[in-house]
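A.B. asks: So that we are looking at the same thing, I have put the structure below in structure tokens.
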Ligand SMILES: *Cc1c(COP(=O)(O)O)cnc(C)c1O
């Protein structure tokens, strides 16, 4: 989106504000489906933990996406947004058998990632088709908090436990209809990804009634100029070739599934915050905005570098700033960052604010969560109102003291 468009949206709805560009979500979706156009049965399940606003879910549903969910609440949000149960896969980690049974009763695809639950679920519900999440133990990840395929990872069932999986399946007579892996965010090297895919193919040969193979996600998007990103087109070419060959060998039609979150929505999002104070100190110039890690925690949690534009003065002289929040704790969005000259009252736009930004926001410091706007067909639609003081009081019970 252009600076002036963002500025007009900020003027209309106030700051802090999240804005999502529907056209960018659509074009990312198209880019992925085009890369795999030779696969007849391709399924993209949007990982909705990245951004779960109902209007965004509806947009993705409209363009043909399915949904990847990790909690029963996300399952219910998806159903509420109009997804049919067959379009939802539920991939939890460390949840109770009760919750998995509840999801199964809603008719969504169950994906199980540990032997204990597999055995219990299989014994009780042998007729419910289940996908198995394996851990191929391949390192493919950026930040250590988001690498989930390594040997110490809590995710998935280790491929070294395949004999035990097979024993459980045989004993319970359960129906395994999919094999899944999600090696973690940020695939930088396609060869590493393809190596993990080979492990998934090898595993799949042990199951005779599969309907789909799910390769998870981890598509990296650029945050700044010169950043490496996953070459989706090259990956599409290479994996398609391997997949089609495997399908032939397997002797049964299979769906190729992915579950991207970041790839679909990261670049579509902008976080807009107003500069309250410009503070010169002995060592730097701080620009203090009307927000903090209560609204955007990724820089502090993952060290992610969100590009910042001064959309009030996009053409000014560039200077170096430390951009900080108003939380009573160190909450630095950026240090020593070149930004066009900032005046108090200017609005800063943080890029790549679609994925894991609003969805990780909180009420810390008893602040309101930001409003959200969807920019669609040249118009701004408010899709979540700003919180009010009633939201801060909600659910609190005042007792006689
Ligand atoms: C979070 C998650 C994803 C999405 O990861 P991105 O890096 O946002 O694409 C996909 N699958 C599972 C199981 C997840 O937990």
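A.B. asks: How many of the residues in the range 270-296 are surrounded by fewer than 17 Cβ atoms within 10 Å (Cβ to Cβ) and not in a strand (DSSP E or B)?
C.D. replies: So the answer is 4.
A.B. asks: Just one of 17, 6 is within 20 Å of the chain's Cα centre (by Cα), farther than 17 Å from residue 60 by Cβ, touching a residue at least 12 places away in the same chain (Cβ under 8 Å) and buried (at least 21 other Cβ atoms within 10 Å of the Cβ); which is it?
C.D. replies: On inspection, the qualifying residue turns out to be 17.
A.B. asks: Right, something else. Keeping to the range 179-193, report how many residues are more than 10 Å from the ligand (Cβ to nearest atom), in contact (Cβ under 8 Å) with a residue 12 or more places away in the chain and out of contact with any helix residue (DSSP H, G or I) (no Cβ under 6 Å at 6 or more places or on another chain).
C.D. replies: 4
A.B. asks: Being within 12 Å of the ligand (Cβ to nearest atom) and under 14 Å from the mean Cα position of the chain (by Cα) is the filter here; which residues of the range 20-42 pass it?
C.D. replies: Hit for the range 20-42 is 28, nothing else.
A.B. asks: If only one of 27, 55 is under 30 Å from residue 96 (Cα atoms) and either in contact (Cβ under 8 Å) with a residue 12 or more places away in the chain or assigned to a helix (DSSP H, G or I) (or both), which one is it? It would help to see each step written out before you state the result.
C.D. replies: Working: 27 fails: under 30 Å from residue 96 (Cα atoms).
Just a single option satisfies the conditions, and that option is 55.
A.B. asks: For the range 64-83, name all the residues that are touching a strand residue (DSSP E or B) at 6+ places or on another chain (Cβ under 9 Å) and under 22 Å from residue 33 (Cβ atoms).
C.D. replies: 64, 65, 66, 67, 68, 69, 78, 81, 83
A.B. asks: Whether any residue in the range 158-176 is within 16 Å of the ligand (Cβ to nearest atom) and assigned to a strand (DSSP E or B) is what I want to check.
C.D. replies: no
A.B. asks: Considering (1) touching a residue at least 40 places away in the same chain (Cβ under 8 Å); (2) outside any loop (DSSP other than H, G, I, E, B), say which one residue 40 fails and leave the rest.
C.D. replies: (2)
A.B. asks: While we're here: Which residues, taken from the range 43-59, are in contact with a helix residue (DSSP H, G or I) (Cβ under 7 Å, 6 or more places away or on another chain), more than 23 Å from residue 297 (Cα to Cα) and within 16 Å of the ligand (Cβ to nearest atom)?
C.D. replies: Passing the criteria: only 44.
A.B. asks: A further question on this structure: Of all residues in the range 91-118 being within 15 Å of the ligand (Cβ to nearest atom) and not in a loop (DSSP other than H, G, I, E, B), which is surrounded by the most Cβ atoms within 10 Å (Cβ to Cβ)?
C.D. replies: Initially, the range 91-118 is screened for residues within 15 Å of the ligand (Cβ to nearest atom), giving 91-95, 100, 103, 108-114.
Among the residues that remain, those that are also not in a loop (DSSP other than H, G, I, E, B) are: 100, 103, 109-112.
Numbers: 100: 22, 103: 25, 109: 28, 110: 23, 111: 26, 112: 26.
Among them, the one singled out is 109.
A.B. asks: Just one of the numbered conditions (1) within 16 Å of the ligand (Cβ to nearest atom); (2) surrounded by fewer than 14 Cβ atoms within 10 Å (Cβ to Cβ); (3) farther than 26 Å from residue 356 by Cα is not true of residue 228; which one?
C.D. replies: Among (1) within 16 Å of the ligand (Cβ to nearest atom); (2) surrounded by fewer than 14 Cβ atoms within 10 Å (Cβ to Cβ); (3) farther than 26 Å from residue 356 by Cα, the lone unmet condition for residue 228 is (3).
A.B. asks: Identify the residue in the range 240-258 that is under 14 Å from residue 193 (Cβ atoms) and within 16 Å of the ligand (Cβ to nearest atom) and, among all such residues, is farthest from the chain's Cα centre (by Cα).
C.D. replies: Once the filter is applied, the top-ranked residue is 256.
A.B. asks: Among (1) in a helix (DSSP H, G or I); (2) within 16 Å of the ligand (Cβ to nearest atom); (3) out of contact with any strand residue (DSSP E or B) (no Cβ under 7 Å at 6 or more places or on another chain), there is one condition residue 267 misses while meeting the rest; what is its number?
C.D. replies: (1)
A.B. asks: I'm trying to understand the selection: among the residues of the range 23-37, which are closer than 13 Å to residue 63 by Cα and in contact with a strand residue (DSSP E or B) (Cβ under 8 Å, 6 or more places away or on another chain)?
C.D. replies: Correct list: 23, 29, 32, 33.
Read-outs: derived from the displayed coordinates by stated rules, not from any lab. Given the structure is predicted, the values throughout are model-derived calculations rather than measurements. Every residue, glycine as well, gets a Cβ built from its backbone with ideal geometry; the counts of neighbours run over all protein chains shown.
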